[in-house]
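Coordinate-derived values only; no laboratory data. Remember, predicted model here, so these are calculated numbers, not experimental data. FYI the Cβ positions are ideal-geometry reconstructions off the backbone, even for glycines, and counts take in every protein chain you see.
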Amino acid sequence: MTSAHLKEEIIAYSKTIGIDQIGFASTDPFLTLKERLITHRELGYESGFEEPDLDKRTEPSRLLPEAKTIIAIALAYPSKMKNAPVSKKGDRRGIFCRASWGEDYHHILRRKLEKLEAFIEEKVPDAKSVSMTDTGELSDRAVAERAGIGWSGKNCAIISPEFGSYMYLGEMVTTVSLEPDQPIEDQCGTCNKCVDACPTGALVQGGQLDSGKCIAYLTQTKGFLPDRFRKKLGNRLYGCDTCQVVCPENKGKDFHHHDEMEPDPEVVKPKLEPLLTISNREFKNTYGSISGSWRGKKPIQRNAIIALAHFKEESSLPALYALLKEDPRPVIRGTAAWAIGTIGGGEQSENALKQAKEREKNTDVQAEIHKGLEILLNEQL
């Protein structure tokens, strides 16, 4: 079988297993990417979730010495939720970003890649392959860009002419030699909507992201959220879609090709108050199957408290008083103190904060109680 014929068969097979887009790239080192990553590190823009070894991120041969080709795949995910519940006063809801709707995409991509690997091994018995998603060493976006899946947008996402940026990406490094595809020319042009719309200014310029300011990253941290970002969070529990929603290339893009990606509205747009007291077991049973659960319940609960403050939801004050008094975790107690002050509640809230101030031993929580009192008393002036 010729290389060209094998490539055609791989493309045809990929469609039968639900891969929406497939592309092929060389295994040459990603030299331009490496320069960008070095600059990114020097500027302090890394999130800390990345593979720290820049050579592994940019040299495919380090992952598979005889590598000849990288196969990139993309799966389109929905951008619109059917029967989305309404968030209303007294019954406020948070939101998980679209990339966390449905089953954890890592599992979905892995199954597709395993099937693709098995197909290639059937055709080329001595083939060796290594597959990965965004938890692997290579940069999904750099591979997808080189393989012609789409261009790298100013919002730091790969944008496909067919699917926009609502895509999950994965790749396979293989010893099989296949003709590479041509990259797509950048089509962002003078459009700067994503940069202008970023709530925290994390998009420093087109294609450059300060991860430490990105709401998608901030929602996954476990400590106190820095003050300057709290009001920017809105009701986001995990992730942020702003730079995708405003992108003109995503207008009208909404694909429902994969049943396992369909969101459960009650899971991805949940009521906020029940999250405050959810047990570990309940959290795992309800949210364990989605990608947004990977950091555990604490960041989600902290974000839910901030969301209630965003809504100034007075009906949640009794639950927040209880957290401030009883929760063993300083981040939760402290964030609750700040939220109480932000929501208000007059004398009752003032008393709750003053009593907490008397008993609290943790200096970080004491600082949050002080902030809460200051906000509350300024509101009453």
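Can you give me the convex hull volume of the Cα atoms of region 205-310, divided per residue and expressed in Å³? It would help to have the intermediate numbers written out before the result.
Working: hull volume 13.7 nm³, N = 106.
Dividing the Cα hull volume of region 205-310 by its residue count gives 130 Å³.
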One finds the C-alpha centres of region 108-186 and region 312-358 to be spaced, in Å, by 48 Å
Taking 0.36 nm per residue of separation and subtracting the Cα-Cα distance, what length does fully extending residue 47 through residue 277 add?
79.9 nm
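Grab the beta carbon distance between residue 284 and residue 377, set R0 = 35 Å, and tell me the FRET efficiency rounded to 0.05. Working shown, then result.
On the way: r = 40 Å, r/R0 = 1.16.
So, using R0 = 35 Å, E works out to roughly 0.30.
Please give the contour-minus-distance gain from residue 91 to residue 370: 0.36 nm per residue of separation, less the Cα-Cα distance, rounded to one decimal in nm. Working shown, then result.
Details: separation 279, 0.36 × 279 = 100.44 nm, distance 2.83 nm.
Gain on stretching residue 91 to residue 370: 97.6 nm.
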Grab every C-alpha pair in region 312-381, bin the distances at 5 angstrom width from 0 up to the longest one, and report whole percents.
4, 22, 35, 26, 11, 2, 0
What's the extension gain from residue 227 to residue 135 if we count 0.36 nm per residue and subtract their Cα-Cα distance?
30.2 nm
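Rounded, prolate or oblate: which one fits region 1-144, using the alpha carbon gyration tensor with axes a ≥ b ≥ c (rounded when a/c is under 1.5, else prolate when a/b beats b/c, else oblate)?
Values: a/c = 2.84, a/b = 1.31, b/c = 2.17.
Here region 1-144 falls in the oblate category.
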Taking the alpha-carbon centre of each part, the distance from region 247-290 to region 36-71 in Å is 30 Å
Along the Cα-to-C-beta direction of residue 12, a point sits 7 Å from the Cα; which residues of region 78-121 have their amide N less than 20 Å from that point?
115-121
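Determine the alpha carbon to alpha carbon distance for each of 269/312; 232/354; 80/271; 80/154 and list only those over 21 Å.
On the way: 269/312 18 Å; 232/354 27 Å; 80/271 19 Å; 80/154 23 Å.
As for pairs spanning more than 21 Å Cα to Cα, those are 232/354; 80/154.
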Determine the alpha carbon to alpha carbon distance for each of 193/222; 231/298; 34/128; 89/231 and list only those over 21 Å.
193/222; 34/128
Across 173, 130, 195, the residue with the highest GNM fluctuation in the chain (Cα network, 10 Å cutoff) is 130
Comparing 119, 163, 49 in a Gaussian network model of the chain (Cα, 10 Å), the one with the largest mean-square fluctuation is 49
Would you mind computing, in nm to one decimal, how far apart the modelled labels at residue 122 and residue 3 are, each placed 7 Å from Cα along Cα→Cβ?
2.4 nm
Ratio of alpha-carbon Rg to the 2.2 N^0.38 Å globular estimate for the chain, to two decimals, please.
1.11
Choose one of 353, 320, 331: the residue whose Cα lies farthest towards the positive end of the charge dipole of region 312-381 (beta-carbon charges +1 Lys, Arg; -1 Asp, Glu; about the Cα centre).
331
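By counting other Cβ atoms within 10 Å of each Cβ, how are 126, 181, 196 ranked from fewest to most?
Values: 126 7, 181 17, 196 11.
The fewest-first ordering by Cβ neighbours comes to 126, 196, 181.
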